[in-house]
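The values are calculated or read from the model by the stated rules, or taken from the named source; none is laboratory data. Small disclaimer: the values here were computed from a predicted structure and weren't measured. FYI the Cβ positions are ideal-geometry reconstructions off the backbone, even for glycines, and counts take in every protein chain you see.
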Amino acid sequence: MTTLFLVNSDDPLLAEWQRLHALQAIDLRVMENVGMEATAALIWTWANELLKERDSGRTCCFAVEARENSSNAATYAEVPPWFSAQS
């Protein structure tokens, strides 16, 4: 298993990260912003894509916390527009 590696699209070493990705040394994800806020939103999106497909829209992820360490974390919370809670 390779390590998931997030990098900003303007990273000066982007070509090197892409080379390592091509060698399957890392699992590269290029983002506009790799800050905790943007990462939390990205994970929320991935989780909801998976849940919508897997559960036919019956479940959703409404909050994600991305944590780099004890002093750097962010939360993203939103109910996906396609989800409708049924009682």
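Structure summary
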read-out	value
Cβ pairs under 8 Å, 6+ apart, first in the range 58-87 and in the same structural domain as ALA40 (by TED's automatic domain parsing) and over 12 Å from ALA41 (Cβ atoms), second surrounded by fewer than 15 Cβ atoms within 10 Å (Cβ to Cβ) and among the basic types (Lys, Arg)	ALA73/ARG67
Qualifying positions in the range 4-51 - closer than 24 Å to CYS61 by Cα and β-branched (Val, Ile, Thr)	VAL30, VAL34, THR39, ILE43, THR45
Extreme residue, surrounded by the fewest Cβ atoms within 10 Å (Cβ to Cβ), among residues of the range 1-20 that are of a type in the set (D, E, K, R) and outside any helix (DSSP H, G or I)	ASP10
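Table: residues versus (1) at pLDDT below 95; (2) small (Gly, Ala, Ser).
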{"residue": "THR39", "(1), (2)": "yes, no"}
{"residue": "TRP44", "(1), (2)": "no, no"}
{"residue": "ASN48", "(1), (2)": "no, no"}
{"residue": "LEU51", "(1), (2)": "no, no"}
{"residue": "CYS60", "(1), (2)": "no, no"}
{"residue": "ALA63", "(1), (2)": "no, yes"}
{"residue": "ASN69", "(1), (2)": "yes, no"}
{"residue": "VAL79", "(1), (2)": "no, no"}
{"residue": "SER87", "(1), (2)": "yes, yes"}
